[in-house]
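Participant: Below is the structure I would like to discuss, written out as structure tokens.
Read the figures in this text as sums done on the coordinates, not as results from a lab. Remember, it's a predicted structure, so these values are computed and weren't measured experimentally. We place every Cβ from the backbone using ideal geometry, glycine too, and count neighbours over all the protein chains shown.
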Ligand code: MN
């Protein structure tokens, strides 16, 4: 190999190395890939909504979080630790990052429509039937005032609870484990359902994969 070619290879490796160094410093958390195609959840959630919600909103929370934790005690913490212990903007962006990762990873175009096993039993114990659970959960999602989330979570005693959370609220900050979250911020449904939040909530049940929720339980 002649000298000029060596220099080219050398510079190329240098550039690649700098690129990766930049990635580890400024992008500690990265946007996790979607487990399905952008249009796979249609007609329940359109490609356009996914493009904005995942590609812009979630990316924004991840980018903000990376910027906010740089040089703080949360710099090397995992996402759940950040959500459990942070406050202010670090909590808001960390919780929104985790909330959306859980949300997007709950859905499947080939969803299993009912829980089974221990989760199914626990839902029946708490709400009498799966149908009644869905009714109570939907009601909580529709009646939450303003932006926020409704969660099915497991509390410290191991019991199931439905939680209404404003803004970025995640059950981890109440000592509960999040199992299923419905985003009721307007950005999650306005392109597809406009002001009809109840229609969006009702349709979401078609794509919730209960095998995924059960694995979290
Ligand atoms: Mn959202």
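Participant: Describe numerically, in nm with one decimal, the distance between label points set 7 Å from Cα along Cα→Cβ at residue 70 and at residue 52.
Facilitator: Inter-label distance under the simple model: 2.9 nm.
Participant: Also, quick follow-up: Note down the nm distance, to one decimal, between modelled labels 7 Å out along Cα→Cβ at residue 206 and at residue 173.
Facilitator: So the two model labels end up 3.4 nm from each other.
Participant: What is the extension gain from residue 190 to residue 147, computed as 0.36 nm multiplied by their sequence separation minus the C-alpha to C-alpha distance, in nm to one decimal?
Facilitator: Going from the current span to full extension adds 14.2 nm.
Participant: Same structure, new question: What is the order of 127, 210, fewest Cβ neighbours within 10 Å to most?
Facilitator: So the ranking, lowest neighbour count to highest, is 127, 210.
Participant: Okay, moving on. Hey, what's the Kirkwood Rh for the stretch 107-217 if you take every pair of different alpha carbons, in angstrom?
Facilitator: Result for the stretch 107-217 stands at 14.3 Å.
Participant: Using the 10 angstrom Cβ neighbour count as an exposure proxy, how do 160, 41 rank, fewest first?
Facilitator: Final ranking by Cβ density, sparse to dense: 160, 41.
Participant: Further, regarding this structure: Based on alpha-carbon centroids, what's the gap between the stretch 78-107 and the stretch 112-128 in Å, whole number please?
Facilitator: The stretch 78-107 and the stretch 112-128 have Cα centres spaced 26 Å from each other.
Participant: Give the Debye-formula value of log10 I(q)/I(0) at each listed q (0.21, 0.23 Å⁻¹), with one equal scatterer per alpha carbon of the stretch 146-198, two decimals each.
Facilitator: -0.71, -0.79
Participant: Would you kindly state how much longer the chain becomes between residue 216 and residue 164 on full extension, computed as 0.36 nm times their sequence separation minus their alpha carbon distance, in nm to one decimal? List each step's numbers first, then the result.
Facilitator: Working: separation 52, 0.36 × 52 = 18.72 nm, distance 1.92 nm.
Length gained between residue 216 and residue 164: 16.8 nm.
Participant: How many angstrom separate the Cα center of the stretch 146-191 from the Cα center of the stretch 192-216?
Facilitator: Using only Cα atoms, the two centres lie 13 Å from each other.
Participant: Also, quick follow-up: At residue 199 and residue 112, where each label point lies 7 Å from the Cα along Cα→Cβ, what is the point-to-point distance in nanometres?
Facilitator: Taking the simple label geometry, residue 199 and residue 112 are separated by 3.2 nm.
Participant: Expected output is a single nm value to one decimal: the length gained when fully extending between residue 30 and residue 105, i.e. 0.36 nm times separation in residues minus the C-alpha distance. What is it?
Facilitator: Going from the current span to full extension adds 25.5 nm.
Participant: Return the equivalent ellipsoid semi-axes of the chain as a descending list in whole Å, where each equals the square root of 5 times an eigenvalue of the C-alpha gyration tensor.
Facilitator: 37, 20, 17
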